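*Asks:* Have a look at the structure that comes next, please.
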Amino acid sequence: MVRRIFVVAALLNLSACATMNENECRNADWRVIGYEDGVAGRSATYLSQHREACSDYNVSPDLDAYRAGFDDGARNYCKPQNGFDLGRGGNTYKGQCPPDLEPVFMRAVESGQFVRYMEKEIKDSEGMRTSAEKDLDKNRDKIDAIENELVNGSGDAQKRRDLLKQMRELENHRDDLNYELRHLDAKIREYRSVIDSIIVEQPWMKP
């Protein structure tokens, strides 16, 4: 019984992974399938998955029709904005663009990758900023507590000296945190400005 369940599950999994079913294989318009793969940004080697899926039904792809459709689809896919989105999304270029379109497409991919890097830097900086603000709040609370104790506490000279020393240390730390916040704010503004410039100016269009 367990073995039967395992076999059924394996068959279902294979079926789910197949790119085409029997009806699609037997009635395939391979030029259309090639075009759909090309315009979706898939690699030309994706055909091998169709070949494997259809081999179960003794159907072979029409290679010439598929390639013609794929080339048309790839030309539609290989636009700079798609390259930029590819790089920005952290995805990999699969070498599907024709030689006359590839240079601009790759510059767009690289611009997208750079924007992705800067967006990560912004996110990291925002996280550091949040942490610094929390530390600053705690620092203010400690300073307020010491000030209250100095005003309302006993007149013990040594204790007052200790409290004043603690306050100076806290004030120095407060200054460091405020400097860090200013630095992070400037970095975030600069990176956002660079990203906006890249999106507007589209440097990949410049040779």
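The values are calculated or read from the model by the stated rules, or taken from the named source; none is laboratory data. Nothing here was measured: the structure is a model prediction, and the numbers come from that model. Every residue, glycine among them, receives a Cβ derived from its backbone with ideal geometry; neighbour counts consider all protein chains shown. SASA here: full protein model, heavy atoms, side chains in, ligands and nucleic acids out. Shrake-Rupley method; radii C 1.70, N 1.55, O 1.52, S 1.80 Å.
*Asks:* If I ask for residues that are out of contact with any helix residue (DSSP H, G or I) (no Cβ under 8 Å at 6 or more places or on another chain) and either more than 25 Å from Leu136 (Cβ to Cβ) or open to solvent by less than 90 Å² (accessible area, probe 1.4 Å) (or both), which ones from the stretch 150-172 would you list?
*Replies:* Ser154, Gly155, Asp156, Ala157, Gln158, Lys159, Arg161, Asp162
*Asks:* Name the pairs: first residue in the stretch 55-80 and in contact (Cβ under 8 Å) with a residue 60 or more places away in the chain, second residue open to solvent by less than 30 Å² (accessible area, probe 1.4 Å), Cβ to Cβ under 7 Å, at least 6 apart or on different chains?
*Replies:* Qualifying pairs under 7 Å: Pro80/Phe105; Pro80/Ala108; Pro80/Trp204.
*Asks:* Okay, moving on. If you go through the stretch 51-84 one residue at a time, how many are under 16 Å from Asn23 (Cα atoms), among the hydroxyl-bearing types (Ser, Thr, Tyr) and either in contact with an Asp or Glu (Cβ under 9 Å, 6 or more places away or on another chain) or part of a helix (DSSP H, G or I) (or both)?
*Replies:* 2
*Asks:* Then there's this: Go through Glu149, Glu190, Glu121 for me and flag whichever is in contact (Cβ under 8 Å) with a residue 24 or more places away in the chain and more than 20 Å from Gln81 (Cβ to Cβ).
*Replies:* After ruling out the rest, the residue left standing is Glu121.
Quick grid of which residues meet (1) in contact with a Pro (Cβ under 8 Å, 6 or more places away or on another chain); (2) closer than 15 Å to Ser43 by Cα; (3) surrounded by fewer than 18 Cβ atoms within 10 Å (Cβ to Cβ):
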| position | (1), (2), (3) |
| --- | --- |
| Cys78 | yes, yes, no |
| Arg107 | yes, no, no |
| Glu110 | no, no, yes |
| Thr130 | no, no, yes |
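*Asks:* Now for a different question. When Lys123 is evaluated against the numbered criteria (1) closer than 22 Å to Asp196 by Cα; (2) open to solvent by 70 Å² or more (accessible area, probe 1.4 Å); (3) not in a helix (DSSP H, G or I), which criterion, by number, is the only one it fails?
*Replies:* Against the list (1) closer than 22 Å to Asp196 by Cα; (2) open to solvent by 70 Å² or more (accessible area, probe 1.4 Å); (3) not in a helix (DSSP H, G or I), Lys123 comes up short only on (3).
*Asks:* How many residues are in a helix (DSSP H, G or I) and at pLDDT below 95 if we restrict to the stretch 86-98?
*Replies:* Residues flagged as in a helix (DSSP H, G or I) and at pLDDT below 95 within the stretch 86-98 amount to 0.
*Asks:* Which one of the conditions (1) open to solvent by less than 40 Å² (accessible area, probe 1.4 Å); (2) over 30 Å from Met118 (Cα atoms); (3) under 29 Å from the mean Cα position of the chain (by Cα) does Asp72 fail to meet, given that it meets all the rest?
*Replies:* Asp72 satisfies all of (1) open to solvent by less than 40 Å² (accessible area, probe 1.4 Å); (2) over 30 Å from Met118 (Cα atoms); (3) under 29 Å from the mean Cα position of the chain (by Cα) except (1).
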